[in-house]
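In what follows, a single structure is set out as C-alpha cells and then discussed.
The values are calculated or read from the model by the stated rules, or taken from the named source; none is laboratory data. All figures in this text were calculated on a predicted structure; none of them were measured in a lab. Neighbour counts run over all protein chains shown; Cβ positions are idealised from the backbone, glycine included. We work out accessible area using only protein heavy atoms, side chains counted, and drop any ligands, DNA or RNA first. Shrake-Rupley method; radii C 1.70, N 1.55, O 1.52, S 1.80 Å.
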Amino acid sequence: AVHGVRLHSGTAPLPGPVALVLQDVTETRRTEDVRRDFVANVGHELKTPVGALALLAEAIQQAADDPEAVQRFAGRIAHEADRLGRLVRELIDLSRLQGGEPLPELVPVDVDDVIAEAVDRTRTAAKAKELQIAVGGQAGLVVRGVESQLVTAVTNLLANAVAYSEGGNRIAVAARARSGFAEIAVTDSGVGIPRKDRHRVFERFYRVDQSRASSTGGTGLGLAIVKHVASNHGGSVSVWSEEGLGSTFTLRIPLAITDGPTSDEPGDSV
Ligand code: ADP
C-alpha cells in the first residue's frame, strides 16, 4: 500500500461502496444532456489557446529588438500550439469513438502488450516528475478488442496518474481476470478526486480544478475517451478515489474466449 491506497493484487476485493460504475444506460442518458453543450464547449476550449497565440504573436512583433523576449514568446507559442494540437487530436478520437464510424473488428489482444505500450508512451512524463510506474498483476491475459484504442485508454489513465501525482510518488498498473473480464487497474497516490466530482470526471471537458488542469495541459477529454473505448468493447470503467490519498481507475474489457474457463469461473463455459 502507498499512503493507505490499496494496490490491487490478484485476489483483492473490489474497491468499496465509493466505487462508481458507469454503465451503458447512464451513458445514453448522459450523452444526450452533454451533447447539447458540446459545441459551445469546443468553441470555448479552442478560444483560449487561439487567443493566447494571437497575443503572443503581437508580443513578438513588439519585442523584435529583444532576442531573449522573442525566444521566450516563441517557446510559449510552441507550448500553446502543442496544447491546441492535442485538443484537436482528442476531439477527432472522441468523435470517431462515439458513433459515426463502425468499430473495427475485435481481435484477440494481449493485455501485457497494451500495458507495455501505454507505459512506454507515459515514460517521459513520468521521468520528468520522478514517478515510478510499477507493472504487476496477472500476465498473459487476452481480451477481444482494438489494440490501438485499448492502448489509448490505458495511456490516458496513466497520463492522468502522472499529471495528478506529486513528484517522487509511485504509480501502479496491474491486470487480473475476473468474471470474464480483464480488469486493468491504474493506481496513483496523488491528489485524489473530491466525492462531489467523482461521478462527473468522465464527462467531456469536466475538470475538477480548471486552473490545475490548465497547468497540467489537460484537455478534459482523456476520461471521456476512456469511457467510450470501454463501452465500444462491451466493458466499463470505474473510479475509486479518496481526496489526498489517490485514485484507482479500473478498465474492464471482456476476455477473449480461451481454451478453458478462467480460474475464477469454474465450469461456467458451455
Ligand atoms: P484532463 O485532460 O483535464 O486530465 P480528463 O478527462 O483526463 O481530463 O480528466 C478529467 C478530470 O478528472 C481532470 O481534470 C482531473 O480533475 C480529474 N482526474 C482525472 N484523473 C485523475 C487522477 N488520477 N487523480 C486526480 N484527479 C484526476
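In table form, for the structure just shown:
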read-out: Test: residue in the stretch 104-126 that is open to solvent by 20 Å² or more (accessible area, probe 1.4 Å), within 16 Å of Ile253 (Cα to Cα) and among the aliphatic types (A, V, I, L, M); value: yes
read-out: Single condition Asp110 does not satisfy, out of (1) in contact with an Asp or Glu (Cβ under 7 Å, 6 or more places away or on another chain); (2) of a type outside the set (Ser, Thr, Tyr); (3) at pLDDT 95 or above; value: (1)
read-out: Residue in the stretch 181-204 that is closer than 20 Å to Leu223 by Cα, over 14 Å from the mean Cα position of the chain (by Cα) and of a type in the set (Ser, Thr, Tyr) present; value: yes
read-out: The stretch 91-134, residues that are over 17 Å from the mean Cα position of the chain (by Cα) and of a type in the set (D, E, K, R); value: Glu101, Glu105, Asp110, Asp112, Asp113, Lys127, Lys129, Glu130
read-out: Residue count, the stretch 50-90 (criterion: over 16 Å from Leu221 (Cα atoms), in a helix (DSSP H, G or I) and in contact with a helix residue (DSSP H, G or I) (Cβ under 8 Å, 6 or more places away or on another chain)); value: 15
read-out: Odd one out for Leu131, checked against (1) open to solvent by 50 Å² or more (accessible area, probe 1.4 Å); (2) under 29 Å from Ala175 (Cβ atoms); (3) among the aliphatic types (A, V, I, L, M); value: (1)
read-out: Tally, over the stretch 100-137, of residues that are assigned to a helix (DSSP H, G or I), without any contact (Cβ under 8 Å) to a residue 60 or more places away in the chain and of a type in the set (A, V, I, L, M); value: 6
read-out: Any helices (runs of 4 or more DSSP H) falling wholly within the stretch 138-256 and containing at least 2 residues that are within 7 Å of the ligand (Cβ to nearest atom) and within 23 Å of Leu84 (Cβ to Cβ); value: 147-163, 210-216, 222-232
read-out: Residue in the stretch 118-128 that is out of contact with any Ser or Thr (no Cβ under 8 Å at 6 or more places or on another chain) and at positive phi present; value: no
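Conditions tested, residue by residue: (1) at pLDDT below 85; (2) in contact with a strand residue (DSSP E or B) (Cβ under 7 Å, 6 or more places away or on another chain); (3) closer than 22 Å to Leu97 by Cα.
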| site | (1), (2), (3) |
| --- | --- |
| Ala177 | no, yes, no |
| Glu183 | no, yes, yes |
| His199 | no, yes, yes |
| Glu203 | no, no, yes |
| His233 | no, yes, yes |
| Thr248 | no, yes, no |
| Asp259 | yes, no, no |
